[in-house]
Ligand code: KG4
Ligand code: ZN
């Protein structure tokens with residue numbers, strides 16, 4: 001079983017052998033946080049407390065298993081919101097202790113990578129080919145990681161300021177498109193006819209990213225065009241955005257996708273990897289997925305969009321690998337709000 005409560009989804013899932021999904025329950029708080037234009041940590045913790053027992057119960061029920069069928073309970077221990085993480089970790093500890101099941105702590109970012117191993121019943125497992133290059137692009141992180149084997153990671157590059165998802169969220173808020181920004185920007189961008197030109201921060205000679213300059217350029221352009229909607233909440237109907245909003249969204253998305261794809265492909269060539277793996281909420285973006293598929297020098301694997309955004313099946317899949325190596329947690333396991341993905345390249 002996997003349990004995930006690091007941000008604004010309360011999730012539990014049952015996965016067999018780290019690959020086969022038997023259940024994947026996700027209770028999203030997004031509508032509650034949308035009122036405030038972003039995740040409110042205290043509200044998130046409270047919602048996790050309300051949701052965790054029904055979510056775990058449903059995950060067991062939908063999988064058609066009982067506690068005695070489970071070989072491990074994996075839970076996100078970080079990075080994430082401290083109060084939110086505590087709900088999942090304490091639930092997992094209580095269940096593991098009460099039912100005599102091994103407890104495994106999972107790094108949320110490593111969990112995102114393992115979404116690439118998951119399949120539904122009837123689908124073939126496609127083992128990614130090592131070494132592979134993982135782009136983890138979420139609301140809090142944009143990491144480029146070299147993975148030489150299970151559990152063997154080197155951080156090649158990361159964002160120096162905003163994460164890609166964070167830029168989507170901020171740009172959407174400024175233009176009155178609401179929260180979360182990624183899906184709504186993607187939808188509005190599709191209606192753009194002449195994408196607004198925006199600069200790209202290449203940071204040549206490094207595998208790092210930077211999105212705050214782009215964010216500022218977008219906010220400035222929006223202001224110049226008179227389409228800034230300061231304040232919280234959605235003001236624009238994404239089904240019928242003004243043409244200028246659609247063009248700014250399209251130009252912004254194009255710039256983010258261009259940088260993510262170009263830098264990932266460059267690193268893939270340089271490190272001579274066998275495959276590129278996408279993950280994290282931003283990997284749900286259709287434009288990113290198709291551009292990466294077109295331009296990657298090696299085969300690309302991306303999980304279906306529902307497994308790119310936060311879920312517990314990926315935590316179970318990752319926890320399974322730790323369990324295989326005997327990496328169980330003690331009962332004094334803590335939460336680690338700033339847990340990094342991997343050691344940086346020397
Ligand atoms: O991985 P995730 O669900 O949570 C974190 O670990 O942060 O990622 C959430 C982020 C948000 O910033 C959201 O706006 C972005 O992923 N996102 C997208 C899309 N769907 C979600 N960004 C671009 N296009 C999307 N379709
Ligand atoms: Zn995530």
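The values are calculated or read from the model by the stated rules, or taken from the named source; none is laboratory data. Every value quoted in this text rests on a predicted model; they were computed, and no experiment measured them. A quick note on method: Cβ atoms are made from the backbone with ideal geometry, for glycine too, and the neighbour counts reach across all protein chains shown.
Things to note:
- Restricting attention to the stretch 125-139, the residues being crowded, with 22+ Cβ neighbours inside 10 Å and either modelled with pLDDT under 95 or not in a loop (DSSP other than H, G, I, E, B) (or both) number 6.
- Residue in the stretch 255-262 that is touching a strand residue (DSSP E or B) at 6+ places or on another chain (Cβ under 8 Å), under 26 Å from residue 306 (Cβ atoms) and surrounded by 19 or more Cβ atoms within 10 Å (Cβ to Cβ) present: yes
- For the stretch 140-187, filtering for residues that are in contact with a helix residue (DSSP H, G or I) (Cβ under 8 Å, 6 or more places away or on another chain) and part of a helix (DSSP H, G or I) leaves 16.
- Number of positions in the stretch 88-131 that are under 21 Å from the mean Cα position of the chain (by Cα) and away from ligand 1 (no atom under 16 Å from the Cβ): 9
- Enumeration of residues in the stretch 74-118 that are closer than 29 Å to residue 40 by Cβ, more than 15 Å from ligand 2 (Cβ to nearest atom) and part of a loop (DSSP other than H, G, I, E, B): none
- Selected residue [in contact with a strand residue (DSSP E or B) (Cβ under 7 Å, 6 or more places away or on another chain) and surrounded by 24 or more Cβ atoms within 10 Å (Cβ to Cβ)] from 118, 109, 95: 109
- Candidate set: the stretch 24-71, residues that are modelled with pLDDT under 95 and out of contact with any helix residue (DSSP H, G or I) (no Cβ under 8 Å at 6 or more places or on another chain); chosen: the one surrounded by the fewest Cβ atoms within 10 Å (Cβ to Cβ): 31
- Condition met for residue 38 (out of contact with any strand residue (DSSP E or B) (no Cβ under 6 Å at 6 or more places or on another chain), touching a residue at least 40 places away in the same chain (Cβ under 8 Å) and over 30 Å from residue 330 (Cβ atoms)): yes
- The condition (being within 18 Å of the chain's Cα centre (by Cα) and away from ligand 1 (no atom under 16 Å from the Cβ)) is satisfied by just one residue among 179, 153: 153.
- Residues considered: 246, 217. Of these, the only one that is assigned by TED's automatic domain parsing to the domain that holds residue 284 and in contact (Cβ under 8 Å) with a residue 40 or more places away in the chain is 246.
- Leading residue by the ranking (nearest to residue 315 (Cα to Cα)) among those in the stretch 64-73 that are assigned to a loop (DSSP other than H, G, I, E, B) and touching a residue at least 24 places away in the same chain (Cβ under 8 Å): 72
- All positions within the stretch 258-306 that are part of a helix (DSSP H, G or I) and within 10 Å of ligand 1 (Cβ to nearest atom): 281, 282, 283, 284, 286, 287, 288, 289, 305
- Residues within the stretch 237-257 that are within 20 Å of residue 209 (Cα to Cα) and part of a loop (DSSP other than H, G, I, E, B), tallied: 0
- Residue in the stretch 161-168 that is closer than 20 Å to residue 78 by Cα, away from ligand 2 (no atom under 16 Å from the Cβ) and assigned by TED's automatic domain parsing to the domain that holds residue 214 present: yes
- Residue in the stretch 222-235 that is on the phi > 0 side of the Ramachandran plot and more than 23 Å from the chain's Cα centre (by Cα) present: yes
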